[in-house]
Amino acid sequence: MAGRERKYTPRVRTSRPLGASRSTNKSPATPIPAPEPREGGWFLPNPQAQRLHQKSALGRSVDDGILLTSEEVMFCHWYRHVPLPGGTGWFDEQVKLSPRLALATIALDVLRNGGELVVPAVHLQHRFPQLNGATWAVRWERHETWTKHGGFSQVRLHHTSDALDWPELLAWVSDVEALNHIAELCVIDDEFDTTVYHLSLANPTGDQRVMTDLSPHEMEILQKITIDASPMEAGFFVANEGTWPLPALGVQHFSGRYLRNEECDYILNQGLNDQGELYGELANRGLILRPGFKYGCRWRAYETSIETEHAPWLVQPASEAPETWEGVCLSVRLAEGVNKHWLCALRMNSRFSFLNIKRNA
């Protein structure tokens, strides 16, 4: 007899209808006028505009009011009792002019949901002239005074089907961190569900002996043993390893040591990284590298003995990394499901950088 099935209550999915407020606050006694087009934005006059700007960081201040972006108009419509210009048909007109308006509207709704302040970058060019063009908005946490504090994070938007440009993404994260901001990425799927990711530059290192730690005598013996190794499937077998000087390399098996092809190349090239190969870079950082086949990546990387801890990192070369955000979402979710950090390795200007992507808890 089958066991009793657990019963789950499906999550209520938000449809965000137009013309209906999503705020629990009462409407103001004096109705707020509908925004009017002005200078590429949507103008809302004082005194209502002044409060929206000062308290809620909405719009860009002008002499007699504020200018809102289209996504801010939608936010104010749902949460600040501001009518849509021309009624509910306005949104359809704006989507035709800007197909990604829906993504920005959803992101603004989600990111402001906890009381944080999110300001579109177009309002902040005078304050942050160094902002990378890929940044959509700057976010302040709820306890920060947005007019005085330097900001917590920069946000960019993507749909799950968007193609990835890994070098461009790395450059954006570098620019964001240069301003002491967190790099946040809001990915929206076909159901308008949102996942927020934190991106950062990682520096994976380990405590293992590396090639430069060996004496000339140890190096000579190591290379002779490797040259004499017997070929096996995708590697070589060392039957008599003696006192093996590099525990990070090879796997003890069959009373000997099995070396993968990449490990043999590393030994015979004396750890040099002349061609910029990623394996040599990681091995020279003192890491133990093992195949990441079971985790959908090239390597799992340990910073200390395998018997001591699990691998904290899963490393994927950019050439083998997902090409869309849908693939990245899958890779990151798998990594975090086994308590590991997912790193994309990129070679830029003759050196490697490691981009860490994790879901925002």
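The values are calculated or read from the model by the stated rules, or taken from the named source; none is laboratory data. Since the structure is predicted, the reported quantities are computational estimates derived from the model, not experimental observations. Positions of Cβ are backbone-derived with ideal geometry, glycine not excepted, and every protein chain shown enters the neighbour counts. All accessible areas refer to the heavy atoms of the entire protein, side chains included, with ligands and DNA or RNA removed. Shrake-Rupley method; radii C 1.70, N 1.55, O 1.52, S 1.80 Å.
Odds and ends about this structure:
- Restricted to region 238-294, the set of strands (runs of 3 or more DSSP E) holding at least 2 residues that are touching a residue at least 40 places away in the same chain (Cβ under 8 Å) comprises 288-291.
- Pair list, Cβ < 8 Å and 6+ apart or interchain, from region 119-148 residues that are touching a residue at least 24 places away in the same chain (Cβ under 8 Å) and part of a loop (DSSP other than H, G, I, E, B) to residues that are open to solvent by 20 Å² or more (accessible area, probe 1.4 Å) and of a type in the set (Gly, Ala, Ser): 130/178; 132/171; 142/114; 142/115
- First in region 31-48 and polar (S, T, N, Q), second anywhere and surrounded by 13 or more Cβ atoms within 10 Å (Cβ to Cβ) and assigned to a strand (DSSP E or B), Cβ under 9 Å, 6 or more apart: 46/65; 46/66; 48/65
- Qualifying positions in region 193-223 - surrounded by fewer than 17 Cβ atoms within 10 Å (Cβ to Cβ), more than 17 Å from the chain's Cα centre (by Cα) and part of a loop (DSSP other than H, G, I, E, B): 205, 207, 209, 215
- Every condition in (1) closer than 18 Å to residue 136 by Cα; (2) touching a helix residue (DSSP H, G or I) at 6+ places or on another chain (Cβ under 9 Å); (3) exposed (fewer than 13 other Cβ atoms within 10 Å of the Cβ) holds for residue 113 except the one numbered (2).
- Test: residue 288 is closer than 19 Å to residue 211 by Cβ and modelled with pLDDT of 95 or more: yes
- Considering region 55-82, the residues that are out of contact with any strand residue (DSSP E or B) (no Cβ under 9 Å at 6 or more places or on another chain) and surrounded by fewer than 17 Cβ atoms within 10 Å (Cβ to Cβ) include one that is farthest from residue 37 (Cα to Cα), namely 55.
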